[in-house]
Amino acid sequence: MLSDHTPAAVVATKDLARARSFYEGMLGLVGEPSMEGVSYRTGEASIFVYPSQFAGTNQATGVSFGLPSDAFDEEVAILRDAGITFDTFEAEGLDWSDGVASAEGFKAVWFSDPDGNVLNITSQG
């Protein structure tokens, strides 16, 4: 059954070198290049970034990282220091402060890679 296996997020890019600069330089991920793209190990899963003419066409969250609550603020600070800008949007029940959404013990940020692919970090627990 598929429920027994770990999935990989797949992200398209129009410029693989630019995407590598973002995922490796700004997010600090370690890439394993292949003929088709680059794989990034993230915990027990992975993100595969590959060239495609359709890069950036998804306007919804494509990759989400769940962090323990005690790691969330530090990770957000690291991303800010790396130059990441967080996106905000209207959503019922969310309160925003400096790009961070919160609601009843939950915190989250959203940001985009150079192709416009939306990534998310959410506190868990």
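The values are calculated or read from the model by the stated rules, or taken from the named source; none is laboratory data. A quick note: this is a predicted structure, and the numbers were derived from the prediction, not measured. Every residue, glycine among them, receives a Cβ derived from its backbone with ideal geometry; neighbour counts consider all protein chains shown. Accessible surface is based on the protein model in full, side chains and every heavy atom, while ligands, DNA and RNA are left aside. Shrake-Rupley method; radii C 1.70, N 1.55, O 1.52, S 1.80 Å.
The distance linking the range 33-53 with the range 92-107 is 30 Å (Cα centroid to Cα centroid, whole angstrom). With 0.36 nm allotted per residue and the present C-alpha distance subtracted, the F54-T42 stretch has 1.9 nm of extension available. Considering all C-alpha pairs of the chain, those separated by over 23 Å amount to 33%.
Using the heavy atoms of the protein chains and a 1.4 angstrom probe, tell me the accessible area per residue for the chain in square angstrom. Walk me through the numbers before you get to the answer.
Details: 7630 Å² over 125 residues.
Spelled out: the 1.4 Å probe surface of the chain, per residue, equals 61 Å².
Listed values for the range 14-30 are Karplus-derived 3J(HN,Hα) couplings in whole Hz (6.51 cos²θ - 1.76 cosθ + 1.60, θ = phi - 60°), namely 8, 9, 5, 5, 5, 5, 4, 4, 5, 5, 8, x, 8, 8, x, 7, 9, and x replaces Gly and Pro. A crude spin-label estimate for the pair L16 and E92, with each label 7 Å from Cα along the Cβ direction, gives 4.5 nm.
Just to confirm a number: summing +1 for Lys and Arg and -1 for Asp and Glu over residues other than V109 whose beta-carbon lies under 11 angstrom from that of V109, what do you get? Write out the running numbers ahead of the final one.
Numbers: positive: R80, K107; negative: D73, E75, D87, D98.
Summing Lys and Arg as +1 and Asp and Glu as -1 gives -2.
Working note: Karplus 6.51/-1.76/1.60 with θ = phi - 60° gives the range 94-102 the couplings 9, 9, 10, 8, 6, x, 9, 8, 9 Hz, where Gly and Pro are set to x.
Which percent of the accessible area of the range 15-125 is formed by carbon and sulfur heavy atoms (probe 1.4 angstrom)? Write down the numbers at each step before the final one.
Details: 3210 of 6440 Å².
That share works out to 50 percent.
What is the local net charge at V11, summed over the other residues whose Cβ is closer than 13 Å to its Cβ (Lys, Arg +1; Asp, Glu -1)? Could you put the intermediate results ahead of the total?
Working: positive: K14, R18, R20; negative: D15, E36, D113, D115.
Counting the neighbours of V11, the net charge comes to -1.
By the gyration tensor of its Cα atoms, with a ≥ b ≥ c the square roots of the eigenvalues, what is the shape of the range 65-125: rounded for a/c under 1.5, prolate for a/b over b/c, or oblate? Don't jump to the answer; show the numbers that get you there.
Values: a/c = 1.71, a/b = 1.17, b/c = 1.46.
It is oblate, given that a/c is not under 1.5 and a/b is not larger than b/c.
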